[in-house]
Structure formats: C-alpha cells, structure tokens
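Read the structure below first, then the notes.
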Amino acid sequence: MRILVVEDDARIASFIRRGLREEQYTVDVAADGDAGLFMAQTNDYDLILLDVLLPKRSGLEVLRALRAEKAGVPILLLTAKDRVADKVAGLDDGADDYLAKPFAFDELLARVRALQRRRGDMIPTVLRAGDLELDALRQRVTRKGRELILTGREYALLEFLLRHPNQVVTRTMLAEHVWEHDFDPFSNVINVHVARLRQKIDEGFSPKLLQTVRGKGYLLQAPVSSERARRTA
C-alpha cells in the first residue's frame with residue numbers, strides 16, 4: 001500500500017513516515033500544496049494524508065482539485081483546526097475522514113486501516129496465488145498455512161505482484177508503485193529485493209511462483225487448480 005503524506009511540518013511528516021513504514025507501508029512526503037497536488041496527479045496512491053494548512057496551496061484546494069479530476073483515492077485530512085464547521089467543510093469537499101492534531105499514532109493507524117477496509121469493498125484485501133496468501137488488513141503472509149516473515153519492502157513488493165498475477169511486471173512499474181518518489185531506478189535494489197522475496201516464498205515449496213522474464217521483468221505465476229483445469233478442459 002502506497003501512501004502520500006502532504007505535511008509542511010518536517011517533524012510531524014518524519015514521525016508519520018517512520019511509523020507507517022514500520023507498518024509495511026510505502027510512503028512519499030510532500031512539504032507544500034503544490035508539490036502534494038503534483039505528486040498525487042502523477043503517481044498512483046492508495047491513500048493520501050493531507051494537512052489543511054499548507055504553504056503555496058491549502059489542503060482544501062488540493063482536495064477540491066483532486067475531486068474535480070474524479071480522483072477516487074481515499075483522503076484523510078490532518079489539521080489543527082478541529083471546529084465542527086472545519087470538519088464539515090473538509091468532508092463536504094470530498095475528504096473521507098478527518099483527524100485533528102495533535103493525535104496519537106495508534107489512532108491515525110486505526111483510521112488508515114478503516115479506510116483500507118472500506119476500499120476493500122472494491123479492491124480485495126486478501127490476495128492469493130495458489131497456496132500463497134497475503135492478508136492486507138492483518139499484514140500477514142502465509143504459504144501452505146506457514147507464516148512467512150517479510151521485510152516492509154518485501155511485503156509491498158509481494159502485494160503489488162499479487163495484484164497483478166500472471167502479468168509481467170516491469171522494473172519501472174515496481175519503481176513507481178513500490179518504492180518512494182526519490183528512488184533511483186538505475187540501482188540494483190529491485191533485483192536484490194526480488195531475489196530475497198523469491199527465496200522466502202518459493203524455497204522449500206512447490207510449484208515455484210515467482211519467475212524472472214529476461215529483458216522484461218517479473219511474473220508471479222498463479223497455478224491453476226485441478227478443479228478449474230477440469231472445468232476449462
């Protein structure tokens with residue numbers, strides 16, 4: 001899950017980013033409204049945490065611009081303005097939730113999970129490829145019922161691959177969706193993480209699910225069940 005945090009207070013932004021990354025989320029940060037709007041328009045995010053009082057362009061202006069473009073990404077407003085009228089204005093402009101500062105990180109995380117569950121009505125939160133399963137809400141990965149311990153980056157990588165089963169996923173796609181905005185796509189970091197992920201999900205199991213397609217990218221091959229194979233025969 002990739003999240004954009006638009007927050008001009010560097011201390012708060014760092015606190016949120018560190019906490020979310022510890023919870024296996026991929027996080028980008030923008031420090032003003034113009035940068036936040038540009039990043040939201042040019043990248044695919046699963047959630048935006050948007051401060052209201054921002055330099056250059058207010059959070060409400062960013063919100064209205066995104067909703068005018070029919071952007072359906074969930075948006076959670078963060079602000080020190082906690083009057084009822086301010087909350088109503090933000091929700092009426094298209095925000096999905098509203099959290100007043102100061103806030104406990106546990107509450108922020110609970111609201112992120114709630115928005116994720118709400119979005120799960122349209123986007124599956126339990127992903128499978130054969131006997132490999134990822135529960136996005138519990139952030140738990142198992143194969144043949146055995147829990148696999150992944151790093152945050154490995155988890156994000158696997159989630160993206162599971163959302164694109166039987167499809168060649170290029171390095172460019174992974175750089176744009178799994179790594180942060182400032183990632184260097186010419187490094188060998190993607191190769192290293194894919195190799196580590198393959199070792200964890202495939203070593204000791206059969207069939208092997210994660211394949212390298214030379215010159216193109218990577219493929220998570222979801223095996224066809226015997227029952228399905230009989231139906232299509």
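None of the figures in this text is laboratory data; all of them are computed from the coordinates on show. Fair warning: this is a prediction, and the values are worked out from it, not measured in the lab. Every residue, glycine among them, receives a Cβ derived from its backbone with ideal geometry; neighbour counts consider all protein chains shown.
In nm², what is the average projected area of the convex hull enclosing the Cα atoms of the stretch 3-81?
4.7 nm²
Using a 7 Å offset from the Cα along the Cα-to-Cβ direction at both Arg118 and Glu23, what is the distance between the two label points in nm, to one decimal?
Going by the 7 Å Cα→Cβ label model, 1.5 nm.
Can you give me the angle between helix 189-202 and the longest principal axis of the chain, using Cα atoms only, in degrees from 0 to 90, rounded to the nearest 10?
Orientation of helix 189-202: about 50 degrees from the principal axis.
Please work out how much length the chain gains when fully extended from Arg140 to Ala100, using 0.36 nm per residue of separation minus the C-alpha to C-alpha distance, in nm with one decimal.
Full extension of this stretch gives 11.4 nm more.
Report, in degrees rounded to the nearest 10, the 0 to 90 angle that the Cα long axis of helix 59-68 makes with the longest principal axis of the chain.
Here the helix axis deviates by roughly 60 degrees.
Where does the chain land at 222 nm, in deg cm²/dmol rounded to the nearest 500, when only DSSP H runs of n ≥ 4 count, each adding -39500 (n - 2.57), divided by all residues?
Calculated at 222 nm, the ellipticity per residue is -12500 deg cm²/dmol.
I want the local charge near Asp8. Using Cβ-Cβ distances under 10 Å, sum +1 for each Lys or Arg and -1 for each Asp or Glu among the other residues.
Residues close to Asp8 contribute a combined charge of -3.
What is the calculated FRET efficiency for Asp184 to Ile149, with r their C-beta to C-beta distance and R₀ = 22 Å, to the nearest 0.05?
Working from the Cβ atoms, E equals 0.25.
Given (i) 60, 38, 32; (ii) 86, 34, 25; (iii) 81, 36, 27, which label gives Cα extents along the principal axes in Å as computed from the coordinates?
(i)
For the stretch 113-210, what does the alpha-carbon gyration tensor say about shape, rounded, prolate or oblate, given a ≥ b ≥ c as the root eigenvalues, a/c under 1.5 as rounded, and a/b over b/c as prolate?
In terms of gyration-tensor shape, oblate.
GNM, the chain, Cα, under 10 Å: largest mean-square fluctuation among Gln116, Gln24, Gln41?
Ranking Gln116, Gln24, Gln41 by mean-square fluctuation puts Gln41 first.
In the Gaussian network model of the chain, springs joining C-alpha atoms below 10 Å, which of Ala136, Ala68, Ala13 carries the largest mean-square fluctuation?
Ala68
For the chain, which longest stretch is free of loop sites, where a loop site is one of the GluC sites (Glu not before Pro) that DSSP puts outside H, G, I, E and B and that has at most 12 other Cβ atoms within 10 Å?
70-202
Most mobile of Ala80, Ala30, Ala175 per a Gaussian network model of the chain (Cα springs, under 10 Å)?
Comparing Ala80, Ala30, Ala175 in a Gaussian network model of the chain, the most mobile one is Ala80.
R0 = 41 Å: FRET efficiency of Asp34 with Asp131, Cβ-based, nearest 0.05?
0.30
Provide the percentage of antiparallel DSSP beta bridges, counting only those with both residues in the chain; round to the nearest 5.
Here the share of antiparallel DSSP bridges comes out near 50 percent.
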